[in-house]
Amino acid sequence: MKEIKATMDKVVNLCKTRGLIYPGSDIYGGMGNTWDYGPVGVEFKNNIKRTWWKRFVQENPNSYGVDAAILMNSRVWDASGHTSSFSDPKMDCKNCKTRHRADNLIESNSKGKVNADALSTEEMQTYIEEHKVACPHCGKFDWTPIRQFNLMFETSRGVTDEGTNKIYLRPETAQGEFVNFLNVQRTTRAKVPFGIAQIGKAFRNEITPGNFIFRTIEFEQMEHQWFCKAGEDEKYYNEFKEKALKYVLDLGIDESHLRFHDHDKLAHYARAACDIQYLFPMGWNELNGIHNRSDYDLSRHQEFSGKSMLYTDPFTNEKFVPNVIEYSIGADRLTLALLCEAYDEETLENGETRVVMHFHPAIAPYKVAILPLQKNLGDKAKEVFALLSKEFMCDYDEAGSIGKRYRRQDEIGTPYCVTIDFETLENGTVTIRDRDSMEQIRINISDLANYVNEKIKFN
Ligand code: GAP
């Protein structure tokens, strides 16, 4: 297995000090489990989202994007089952007043041997009593009974106290794709099988958020729903497992840090479900999900909205409600996995340690850093910046020794550093340094954009 050099502390610290990710509402002492992406981080996450969109929408003639509203008619959540059953089993410690998830308590008590997902509420209660599972915070065994806690954030719509309606911040983007099935199918004249994809914010009042951006209360999802005919669902489920795996491998995640994990306990609508897990610093954990959702979603929306979701096959005239294969991945969770995967500490010949983020060039926040060797070369360097910044994100840095500037760029994973020196003024060439090999070559300024564009493709 490829060695992992990242620890959560090192990644969090680098993110904070290098402008990737800051604690939310920092100057007010933070707001638990919210995070703000800084100038470097926003480029990184946007690039990740672009690679996903390219792979799953742009390069697929039968997939279509949408950007649906976060606030949806509350009936959507009745139809989807979220109002009745989108909950986690919570327990409060009566002694220290901390709140915990019963399934997590059982899994850590049994050192991962018991899969609490497969237990009913009563079975979890029995396990905790029989094993006298103590509060991890204060060590006492003094629990409230397990209660199911709905994870949806509520808000209200309306201008007067009396005349308001309860609405929800969406807990997943998927429903925006399901409710637009008819719109998209009719306006694009798509034929089943076809896909609808969306990237957007989702909100969950998680009982135990944590591990940096792994589990937060506000996050982004990248979701793709593939509408197909019953009988073909299994074939597409397997295809999406492979596509989902290939995507993260192509982003540079080592195969030994990834594994499939089949769900033991299936949701009532699911025929099959699995995760791809990544070996995060805190252990194996879910990176994304692939779900065979049968015809549950469209059938439920048909029932609750009264609108027919029947699709007529143009060749056979057969009418059916399509099945759905869902592929869902958190943009922030993938960001965390890619940060951990890229983190490296190398010992150089002079004994110094170089921290370097080996990001795939397509997702690197900046593609090129423009570095004048001396400040009096700034005018020429700014000309090069103006030229290259029309093509891709560039950084410009003239402060400090060239060695220190290279290190700063290594730490934010900039794949190429372009140095402007006195030879540049004479013959229009610059040096370009490769982040990973640290080798430098001389190249004409007029060839730079093509050179870099070739290297930063995501195919
Ligand atoms: N529509 C299906 C769905 O939402 P999920 O397994 O609950 O399924 C899908 O979520 C993905 O969203 C997860 O695999 C994870 O990558 C991401 N995700 C879920 N909850 C999250 C949270 N609280 N914080 C960050 N990412 C989250």
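The values are calculated or read from the model by the stated rules, or taken from the named source; none is laboratory data. Quantities reported herein were computed from a predicted structural model and do not represent experimental measurements. Cβ: placed from backbone, ideal geometry, glycine included. Neighbour counts: every protein chain shown. Heavy atoms of the whole protein, side chains included, go into the accessibility calculation; ligands, DNA and RNA do not. Shrake-Rupley method; radii C 1.70, N 1.55, O 1.52, S 1.80 Å.
Observations, loosely collected:
- Between helix 331-342 and the chain there is an angle of about 50 degrees, using the helix long axis and the longest principal axis of the Cα atoms.
- The stretch 49-151: trypsin sites (Lys or Arg not before Pro) falling in loop per DSSP and having at most 16 other Cβ within 10 Å: LYS94, LYS97, LYS111, LYS113, LYS132, LYS140
- With a threshold of 30 Å on the Cα-Cα distance, the over-threshold entries among LYS113/LYS140; LYS94/LYS201; LYS54/LYS307; LYS5/LYS404; LYS166/LYS319; LYS404/LYS457 are LYS94/LYS201; LYS54/LYS307; LYS166/LYS319.
- Residue-normalised accessible area of the stretch 220-306, given per residue in Å² at a 1.4 Å probe: 42 Å²
- Solvent-accessible surface ranking, highest first, for LEU245, LEU336 at 1.4 angstrom: LEU245, LEU336
- Counting Lys and Arg as +1 and Asp and Glu as -1 over every other residue whose Cβ lies under 10 Å from the Cβ of ILE441, the net charge comes to 0.
- Rounded tilt (10° steps) of 445-455 against the dominant C-alpha axis of the chain: 30 degrees
- When +1 charges are put on Lys and Arg Cβ atoms and -1 charges on Asp and Glu Cβ atoms, the dipole computed for the chain relative to its Cα centre reaches about 660 debye.
- Proximal aspartates and glutamates to LYS16, defined as alpha-carbon separation beneath 14 angstrom and excluding residues fewer than eight positions away on the same chain: ASP26, ASP36, GLU411
- For LYS2, the aspartates and glutamates whose Cα falls under 13 Å of its own Cα, not counting residues fewer than eight places away in the same chain, are ASP254, GLU255, GLU341, ASP344.
- Nearest 10 degrees, 0 to 90: helix 39-53 Cα axis against the chain principal axis: 60 degrees
- Extension gain for LYS2 to GLU154 (0.36 nm times residue separation, less C-alpha to C-alpha distance): 50.3 nm.
- Rolling a 1.4 angstrom probe over the stretch 1-88 with all protein chains present gives an accessible area of which 52% lies on carbon and sulfur atoms.
- Solvent-accessible area of THR216 with every protein chain in place, 1.4 Å probe, in Å² to the nearest 10: 10 Å²
- Length-normalised contact order for the stretch 1-143 - Cα pairs under 8 Å, 6+ apart - percent: 12 percent
- Listed by chain and number, the aspartates and glutamates whose alpha-carbon sits under 17 Å from that of LYS132, ignoring those within fewer than 8 places in the same chain, are ASP92, ASP103, GLU107, GLU122, GLU123, ASP142.
- Rounded to the nearest 20, the Cβ-based charge dipole of the stretch 97-139 about its Cα centre (Lys and Arg +1, Asp and Glu -1) stands at 300 debye.
- With θ taken as phi - 60° and the Karplus curve 6.51 cos²θ - 1.76 cosθ + 1.60 applied, the whole-hertz 3J(HN,Hα) list for the stretch 294-311 is 6, 9, 3, 5, 5, 5, 5, 5, 5, 5, 7, 9, x, 8, 5, 9, 6, 10 Hz, x standing for glycine and proline.
- Comparing ASN109, TYR22, THR126 along the charge dipole axis of the stretch 1-139, the residue lying farthest to the positive side is TYR22, per the Cβ-charge model.
- Orphan Cys of the chain, criterion: no other Cys C-beta under 4.7 Å: CYS15, CYS228, CYS274, CYS340, CYS394, CYS417
- Helix-only [θ]222 nm of the chain, DSSP H runs n ≥ 4, -39500 (n - 2.57) each, per residue, nearest 500: -9000 deg cm²/dmol
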